[in-house]
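The values are calculated or read from the model by the stated rules, or taken from the named source; none is laboratory data. Everything quoted here is computed from the prediction, not taken from an experiment. All Cβ positions, even for glycine, are placed from backbone atoms using ideal geometry, and neighbour counts span all protein chains on display.
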Amino acid sequence: MTQEVTVNIDGAFIRAPKGSTVLDAALGAGICIPHLCRVPYLEDIGACRLCIVEHIENGRSKITTSCTLLVQEGMRILSNTDRIRKLRRNIAELLVTEAPNSRAIQDIALRCGVVETRYPFRNSDCVLCGRCVRACTGHFGEKAIGFVGRGKDRRVESPFNLYSELCNECGRCIDLCPMTIVPCDGNMKPGEGRLCGNCESKMLTEEAAQGYCIGCYMGDGFQCERSITNTL
Amino acid sequence: MSKSRLKTIKDLAPLRNSLIKEREKLRATIVICGGTGCQASRSLAVIDEVKKQLAKHKLKKSVNVRTTGCHGFCEQGPVMVIEPDEIFYCHVSPDDAAEIVTKTIRDGEIIERLLYTDPVSGKTIKTESEIPFYLAQDRYLLAQNRQVNPCSIEDYIAIGGYSALAKTLFELPPESVVKEIVNSELRGRGGGGFPTGRKWAECREAPGDEKYVICNADEGDPGAYMDRCVLEGNPHLVLEGMMIGAWAVGARKGYVYVRNEYPLAVKHIQLAVEQARKLGILGENIFGSPFSFDVDIARGGGAFVCGESTALMASLEGKVGEPRPKDVHTVVDGLWHKPTTLNNVETWANVPSIIKNGSSWFASKGAKGSKGTKILALTGHIKNTGLVEVEMGKSINDVVFGIGGGATNGKAIKAVQTGGPSGGCLPVEKFDLPVDFDALADAGSMVGSGGMVVMDESTCMVDVAKYFLTFLQDESCGKCVPCRLGIDRMLEIVTEISEGRGTSDHIELLEDLGDTMSTTSLCGLGKTAANPVLSTLRYFRDEYETHINEKKCPAGVCQALITYIIDEEKCTCCGLCKRACPHNAIAGKKKQVHSIDVDLCQKCGICMSECKFDAIQIQ
């Protein structure tokens, strides 16, 4: 039998198997911490930083990503404080202005409370969440694609940008990509300051969005792999 | 001289004594700096010529020529010191070699024109120790650079090298070594300022038999070269520090991660490792003790982010140099998931003297909370560019004006940028702050690795922020969102401001974004990337506001916000500017006041530098 520890997340005492992450423990208990780069069963790299939480240790609060933080007995976590909400909103704003035409990222942004954006839109094809790369290298060990370059030149490519013979065309990378989910048909054009609002219909209220599953578009496989029914 | 393996500890002292005796026989030693700074001013040619002249005058056997690492006074390079009288010559050229050998060495005369002239009193100064630049410093680490040839282990042993290691292996159990370092209150010199003793203690206590020590020599801050000079000038000191650390934490293997852009440092540390292996100082059963340790050199591929501990370890493991989350510290889960102690070059270099002289000796120097000395790289608009070593707690004023000699060209100093791209800019009003970890961090900057870029009034702070953001945009690994997109957006906004498209919301947005980046980024690079912007916003907010509200650059740097005009009264109609302008933007016939066509002008500034009458001005 696996050992279990008890952690306190947002006041709820949650039992989780030793070695699991705080994010897994929270999601399992119905506390939806927004996240993008995390894929179940793949290595967590802490790249998108959306799943940040406050870890209270010796009276001091430390902000870290819950997908890389392992559960420990007696640990105290706050996932939905004003500070966290503000930081998360800012990160989501960076993401959504980079790729305003991705429905998945729009949903995450709305879920994080982004209503108005302060940066001009760019139409990137990729937000470098690394889901595809880890699916290819981690799950199947194929390494047909990987990250190339650094900083602003970082991109996902096959070796030497040629079709890789290592690819067995499983299509998992496409399944996991937040960008291929049907693009929003709203008028998200560069230079516009507001999100289109088509996605807002899924929201109950902005208040309710903070902390509870609102059954966003990706609910079935992408965002929290829980359907709305077992949440509410 | 016996150069055979030192089988037991008893072999070390006789070797040292014989080396010292051999050196006492010499009539004089000519010390010439072969550091990178002096090499750039042709010190290698000087060395060749001096050797030739010595051979010519049959002084080769009685006079030793020692090529050393950096002495610190790079502004005066190539520098030469003649022992035992410590005569200091600066700006030595190969043509001077004959005169130096015949006059100073043979006849004992001093060559007045090669002496250093004190800019304050105007008098020449004969010996190195009397020079104000050195007098104002507290040189412990850098002073050794003059005493050793970095390619010679004998030189290092002759000045007492490896005695701290011998003391450690035979007198101090690992726990006592850790305790000494804890008591010395040594803090990491690489930037973070983490207490070294605590790091060692945690690594020692971490479970596992296989542990590693790493020396981080991937120094990449613009304008900083402390680690380079220590590694180039005294590699055995760093090795000895690492060996003491390895004994303390229980490691058998060490790595020096040095950037490939430092070819001399790579060469010297490789040579040092080979020499130490030959003498039995590295390898199995060092000095006949049960302790075995070896070091490998790894060369960095030129990524700034690889100076970050986890990225460095990933790079050592053969993976892409990207940081990983540090929820479990590297002292427990480091290189190949084994407990690892990683310290910076300067930190390791401090260790032998702490062991030799005791922790209380080290703790007696410096300020509260920041003990010991720190090497600082003084660069920028300053008279005495070079490396300086001061006790921590000395004020910035003392460093910039006292040691650095103030600004060049008589301009007023405006700010100093400390700590490289992760640090911040401090205005001249804050120059009474002490150089210590906590005081500078409270002021929104940091000691960092010790870079100090001094800026005078001709510097635009918005432009400075833009420069560092451009650097960081290239050097960020791009893994996490706040760092990659945050820097990108910050640069976008700062560029807008510098090109006259800034709005009043931009300052608030920069501060908000900066806060998000520094709290949520994955590694130290992202966490500190906003500092150049945040610190300039804190102390030079009015400059940003002038850029935004009045669309003007007060320092006349931001090209989009300046126009070149010709002062009609000063213009002598010489036509120099007209001929120099590559864009044909200047009109005017002979004996007719010239004028600049604003539409054609590309603001390159060539006309301004060509004009001999200061008639071209920036508006």
Could you figure out which of (1) away from every other protein chain (no Cβ under 14 Å); (2) at negative phi isn't true of A:GLY59? (2)
Flag for B:GLY122 being in the same structural domain as B:ASP85 (by TED's automatic domain parsing), out of contact with any strand residue (DSSP E or B) (no Cβ under 9 Å at 6 or more places or on another chain) and either of a type in the set (Gly, Ala, Ser) or buried (at least 16 other Cβ atoms within 10 Å of the Cβ) (or both): yes
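Quick check, is B:VAL557 modelled with pLDDT under 85 and assigned to a loop (DSSP other than H, G, I, E, B)?
Numbers: modelled with pLDDT under 85: no; assigned to a loop (DSSP other than H, G, I, E, B): yes.
When the stated conditions are applied, B:VAL557 does not pass them.
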I need the full set of residues from segment B:162-193 which are assigned to a loop (DSSP other than H, G, I, E, B), among the small types (Gly, Ala, Ser) and modelled with pLDDT of 90 or more, in order please. B:GLY188
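Restricting the search to segment B:51-79, which residues are of a type in the set (S, T, N, Q), under 17 Å from B:THR104 (Cα atoms) and part of a helix (DSSP H, G or I)?
Passing the criteria: only B:GLN53.
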What pairs come out if I take residues in segment B:468-486 that are more than 7 Å from every other protein chain (Cβ to nearest Cβ) and at positive phi and pair them with residues that are part of a loop (DSSP other than H, G, I, E, B) and of a type in the set (Phe, Trp, Tyr) whose C-beta lies under 7 Å away, six or more apart or interchain? none
Looking across segment B:576-593 at residues that are at pLDDT 85 or above and part of a loop (DSSP other than H, G, I, E, B), the single one that is surrounded by the most Cβ atoms within 10 Å (Cβ to Cβ) is B:CYS581
Which is assigned to a helix (DSSP H, G or I), hydroxyl-bearing (Ser, Thr, Tyr) and modelled with pLDDT of 85 or more, of B:THR503, B:THR546? B:THR546
What residue, of B:GLU112, B:GLU154, is surrounded by fewer than 19 Cβ atoms within 10 Å (Cβ to Cβ), touching a residue at least 12 places away in the same chain (Cβ under 8 Å) and over 28 Å from B:MET392 (Cβ atoms)? B:GLU112
Evaluate segment B:267-285: report whether one residue or more is in contact with a Lys or Arg (Cβ under 6 Å, 6 or more places away or on another chain) and either within 14 Å of chain A (Cβ to nearest Cβ) or assigned to a helix (DSSP H, G or I) (or both). no
Scanning segment B:354-405 for residues that are of a type in the set (Ser, Thr, Tyr) and not in a loop (DSSP other than H, G, I, E, B), which turns out farthest from B:ILE181 (Cα to Cα)? B:THR379
Given the options A:THR68, A:THR64, name the one that is facing chain B (nearest Cβ under 10 Å), polar (S, T, N, Q) and either over 29 Å from A:VAL133 (Cβ atoms) or in a strand (DSSP E or B) (or both). A:THR64
Residue selected from segment B:135-149 under the condition crowded, with 20+ Cβ neighbours inside 10 Å and of a type in the set (A, V, I, L, M, F, W, C), by the criterion farthest from the chain's Cα centre (by Cα): B:VAL148
For the list (1) more than 12 Å from chain B (Cβ to nearest Cβ); (2) in a strand (DSSP E or B); (3) of a type in the set (A, V, I, L, M, F, W, C), I need the number of the one condition that A:ILE31 fails. (2)
Any idea which of (1) within 23 Å of B:ASN64 (Cβ to Cβ); (2) under 24 Å from the mean Cα position of the chain (by Cα); (3) modelled with pLDDT under 90 is the one B:PRO132 doesn't satisfy? (1)
Condition met for A:ALA99 (within 12 Å of chain B (Cβ to nearest Cβ), at pLDDT 90 or above and farther than 20 Å from A:ALA25 by Cβ): no
Identify, from the list A:SER66, A:SER61, A:SER20, the residue that is buried (at least 22 other Cβ atoms within 10 Å of the Cβ), touching a helix residue (DSSP H, G or I) at 6+ places or on another chain (Cβ under 9 Å), free of Cβ contacts under 8 Å to residues at least 60 places away in the same chain and small (Gly, Ala, Ser). A:SER66
From B:ILE105, B:ILE82, which residue is at pLDDT 90 or above and not in a loop (DSSP other than H, G, I, E, B)? B:ILE82
Could you say which residue among B:ALA439, B:ALA465 is assigned to a helix (DSSP H, G or I), buried (at least 24 other Cβ atoms within 10 Å of the Cβ) and out of contact with any His (no Cβ under 9 Å at 6 or more places or on another chain)? B:ALA465
Considering residues of segment B:405-421 that are under 19 Å from the mean Cα position of the chain (by Cα) and at pLDDT 90 or above only, the residue nearest to B:GLU457 (Cα to Cα): B:ALA415
Is there a residue in segment A:138-147 that is outside the structural domain of A:ASN58 (by TED's automatic domain parsing) and within 30 Å of A:ALA29 (Cβ to Cβ)? yes
Checked A:ALA144, A:ALA135, A:ALA92 against criteria (within 12 Å of chain B (Cβ to nearest Cβ), under 29 Å from B:PHE304 (Cα atoms) and of a type in the set (Gly, Ala, Ser)); the one match is A:ALA92
Selected residue (criterion: nearest to B:GLU492 (Cα to Cα)) from residues of segment A:102-116 that are within 14 Å of chain B (Cβ to nearest Cβ) and either in contact with a strand residue (DSSP E or B) (Cβ under 7 Å, 6 or more places away or on another chain) or of a type in the set (A, V, I, L, M, F, W, C) (or both): A:GLU116
Condition check for A:THR81: more than 12 Å from every other protein chain (Cβ to nearest Cβ) and more than 15 Å from A:HIS35 (Cβ to Cβ): yes
Of the conditions (1) on the phi > 0 side of the Ramachandran plot; (2) in the same structural domain as B:ARG484 (by TED's automatic domain parsing); (3) within 30 Å of the chain's Cα centre (by Cα), B:GLY500 fails just one. Which one is it? (3)
Run B:ASP442 past the list (1) in contact with a helix residue (DSSP H, G or I) (Cβ under 8 Å, 6 or more places away or on another chain); (2) away from chain A (no Cβ under 12 Å); (3) under 30 Å from B:LEU142 (Cα atoms) and report the number of the one that doesn't hold. (1)
Subset of segment B:508-523, residues more than 16 Å from A:LEU95 (Cβ to Cβ), more than 7 Å from chain A (Cβ to nearest Cβ) and polar (S, T, N, Q), comes to B:SER518
State all residues of segment B:265-286 that are without any contact (Cβ under 8 Å) to a residue 24 or more places away in the chain and on the phi < 0 side of the Ramachandran plot; if no residue qualifies, say none. B:LYS267, B:GLU274, B:ARG277, B:GLU284
